[in-house]
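As structure tokens, the structure follows; a few thoughts come after it.
The values are calculated or read from the model by the stated rules, or taken from the named source; none is laboratory data. Note that the coordinates shown come from a computational prediction; the quantities given were computed from them, not determined experimentally. A quick note on method: Cβ atoms are made from the backbone with ideal geometry, for glycine too, and the neighbour counts reach across all protein chains shown.
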């Protein structure tokens, strides 16, 4: 979703898909992954602690909401000077800034809502398709090295 938001921002500002736009896309993939990994890790820990899949996903999103919003908005506001850049080299700065600005808006909005949904859907699908295997301990007889392995008689 961050890539779609970034490309939409570039399109709205009538800008080119140049190397600076593509560098911004790489930055966005890393930031979007970081946010999603944090939510999934918290949800997994809560699920291991005994919460249901849905409750764990909701609680993880709730716990990570403030930190994700703070870092995302700090980053978004930090690239505003790039978005409104003027002067020599402004086209390069505007391309990178616009990509990251619109992409982070998209990943912040969609990531907070869709990451828990995807977590629940995937966990329920894998729980349904993964057979539960139980390991049963079977004691094997220990043979003395002095016994014939085929007849179990002493040599």
Discussion item. Only one of 39, 7, 26 is under 22 Å from the mean Cα position of the chain (by Cα), surrounded by 14 or more Cβ atoms within 10 Å (Cβ to Cβ) and more than 22 Å from residue 60 (Cα to Cα). Can you tell me which?
Written reply: 7
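Out of 37, 26, 53, which single residue is out of contact with any strand residue (DSSP E or B) (no Cβ under 7 Å at 6 or more places or on another chain) and farther than 30 Å from residue 127 by Cα?
Details: 37 fails: farther than 30 Å from residue 127 by Cα; 53 fails: farther than 30 Å from residue 127 by Cα.
After applying the criteria, what remains is 26.
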Worksheet item: With respect to residue 76, is the statement that it is touching a helix residue (DSSP H, G or I) at 6+ places or on another chain (Cβ under 6 Å) and either assigned to a helix (DSSP H, G or I) or touching a residue at least 24 places away in the same chain (Cβ under 8 Å) (or both) true?
Response: yes
Item to complete: Could you tell me which numbered condition residue 14 fails, if it satisfies all but one of (1) at pLDDT 90 or above; (2) in contact with a helix residue (DSSP H, G or I) (Cβ under 8 Å, 6 or more places away or on another chain); (3) outside any helix (DSSP H, G or I)?
Response: (2)
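Residue by residue, here is whether (1) farther than 16 Å from residue 113 by Cβ; (2) assigned to a loop (DSSP other than H, G, I, E, B) holds:
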site	(1), (2)
22	yes, no
26	yes, no
31	yes, no
36	no, no
47	yes, no
62	no, no
81	yes, no
88	yes, yes
